[in-house]
Every structure is written in C-alpha cells, then in structure tokens.
Amino acid sequence: MPQDDGEFDRLVRQRIRALRVAQGWSLDELATRARLSPSTLSRIENGQRRLALDQLFTLARALDTTLDQLVETATDDVISSPVIDSAHQLMRWPVRADPGMSVVRRRMTNPPPDSPSRMRAHPGREWFVVLSGTAVLLLGDRRLRVETNQAAEFPTMVPHAIGAAGGPCEVLGIFDRDARRGHQRDDDSTGDPDSPSR
C-alpha cells in the first residue's frame, strides 16, 4: 500500500528521533554533529519544519546511516511464509535485507556420514542453532556436539557435515550468499535428500 506524504514525513521524523535516542544523544549532541541548531532539529523531529533533502543527508551521515535507510518507506510485507522444499525436507526464508542470504529450517534424523568423502567444502559462512535434540557437526577433523539452544558458526571452506545425534533434531541455519550457492550446487550434484551438509 503506498504511503501518503504525511505518513512518510511522520515515519522519517520518528526514525530520526529513534536513531538519536538509540545513540543516547540529546538534541544538542545530534544538532552539533549535524551542524544544525538544536531548535531546527527539534522542529524537524516535531513536524514543525519541512524536511529538506540537504538536512536529511546531513542527519543521515551524523546518525551513521544512509539517506536511503533514513527515508525508506514502511513495508506491508513484514510477515513472510517459507518456501517448502519437500524433496529435501527443508523450509527456506529469504532475508530481505540481503537477498543473497537465506534462512533454512530442517529436521534431521540421520547421523553425519562416516566417510570424509561425503563432507562438503565451498566458499561462504554458515550459522545454525539447534531448536530441539542434539546435532553433530563434523568440521574438518573435529566432531562437535551442538545441544538444544546452542549455536555454531563456521567458514564453509572447512569440510563439514551436520547430522543428528541419538534421535531427531531440528536446526535453523543462516547461509550467506556464497554458502547458499555452495549448498545449492551440492543439492544439484548429489541429488541426495539426506546430504548432511545442508
């Protein structure tokens, strides 16, 4: 739904104030950083002064953000549903802030592979948290148990595989762009829905 000018102005003014408060800065402190008078900044925040592009640019820089982030419109698509990959028993969510990243939820029942040849390595980084059960992470020569509510983060250039330990486990993982591509290539090349490296 498009926003009217009044709603857009209100959003930007609220964002300026929220960013200032989050930094712990008074009106005077932000005004000094932005080379504005405190009264001008107060009127900008309170809607008593027109939003000028040059002042927004200066405020964005002073608040350590970008003009695009300062004036981006609110979005109606706050809630998203997963894409279901039934063949690999996965749910995937794209991360809007970085389209190259994705979040994957997976239930695993098989232990990690016995053979090092089934471990995968590819560029990127991976992070996962165990939602239930216990996961086993094979990372190079190491065998790590990751319990419920524990997380692991590692570079995916190290040969790795993930599986369940002593019963089903459920993990939520985040892949950066390179790791996601590497796992997609693994999916395509192996065709193995139980490949533990995902």
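Numbers for the structure displayed
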| read-out | value |
| --- | --- |
| Estimated FRET transfer efficiency (LEU11, PHE57; beta-carbon r; R0 25 Å; 0.05) | 0.90 |
| Where the Cα pairs of the stretch 5-71 fall when distances are cut into 5 Å bins, in % | 3, 19, 35, 30, 11, 1 |
| Packing-based order for 172-180, 23-31, using average beta carbon neighbours within 10 Å, highest first | 172-180, 23-31 |
| Theoretical gain in end-to-end length, GLN48 to GLN69 [0.36 nm per residue, Cα-Cα removed] | 5.3 nm |
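Read-outs: derived from the displayed coordinates by stated rules, not from any lab. Small disclaimer: the values here were computed from a predicted structure and weren't measured. Reconstructed Cβ throughout: ideal geometry from the backbone, glycine too, with neighbour counts over all protein chains shown.
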